[in-house]
């Protein structure tokens, strides 16, 4: 599958992962669970029983604490297994956005390569202005102890805010903010 194939072109990998996550959500709605098959090393979808459904959900969930920064809650996120940054969860942002400095760090450490750059795109920001930003593939985005592969991201201006937008959020089963514990809870799709 192109989603987990390290040699797959960036757009193909992103599309395959998004399609896999969509199918996973549909199968979960039909009460199917993902897990080990009869043969060793294989995994498959099968009708859930109560125990397996609870086990699947527990394996897919993570909770990550927020930190208050400049009046908003920020979440520590690790990109491509090497660079960490604080992100604001922004359900109004179409994509994940990383500041230019983070893209530079990923490039310097070799985890963001020329094959991950996907050109430029015009975005409309919250105040209505249009901005032209480079678009890249993040090979992995880790929140808490769960990782999502092949996530589309925009590269923002230097010192811009890192945003956790819809290119990641829409691929989750669900997510919610826990204001009592100052945390975010996320449930990744079933094919983890």
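Summed over the range 51-62, the residues that are at pLDDT below 80 and either loosely packed, with under 15 Cβ neighbours inside 10 Å or within 24 Å of the chain's Cα centre (by Cα) (or both) give a count of 8.
So, in the range 23-49, exactly how many residues are within 18 Å of residue 187 (Cβ to Cβ) and modelled with pLDDT of 80 or more? Count: 13.
Could you list, in sequence order, the residues of the range 63-81 that are loosely packed, with under 15 Cβ neighbours inside 10 Å and part of a loop (DSSP other than H, G, I, E, B)? Listed by number, the residues that qualify are 70, 71, 81.
Of all residues being free of Cβ contacts under 8 Å to residues at least 24 places away in the same chain and either part of a loop (DSSP other than H, G, I, E, B) or outside the structural domain of residue 102 (by TED's automatic domain parsing) (or both) in the range 122-169, which is nearest to residue 97 (Cα to Cα)? Just the residue, please. Step by step, filter the range 122-169, then rank; the result is 125.
Filtering the range 93-109 down to residues that are at pLDDT 95 or above and not in a helix (DSSP H, G or I), which residue is farthest from the chain's Cα centre (by Cα)? Only one residue tops the list, namely 109.
No other residue among 43, 103, 93 is under 15 Å from residue 172 (Cβ atoms), in contact (Cβ under 8 Å) with a residue 40 or more places away in the chain and in contact with a strand residue (DSSP E or B) (Cβ under 7 Å, 6 or more places away or on another chain) apart from 93.
The values are calculated or read from the model by the stated rules, or taken from the named source; none is laboratory data. Only a predicted model underlies this, so the values are computations on that prediction, with no experimental measurement involved. Because the Cβ atoms are built from the backbone with ideal geometry, glycine has one as well, and the counts that use them run over all protein chains shown.
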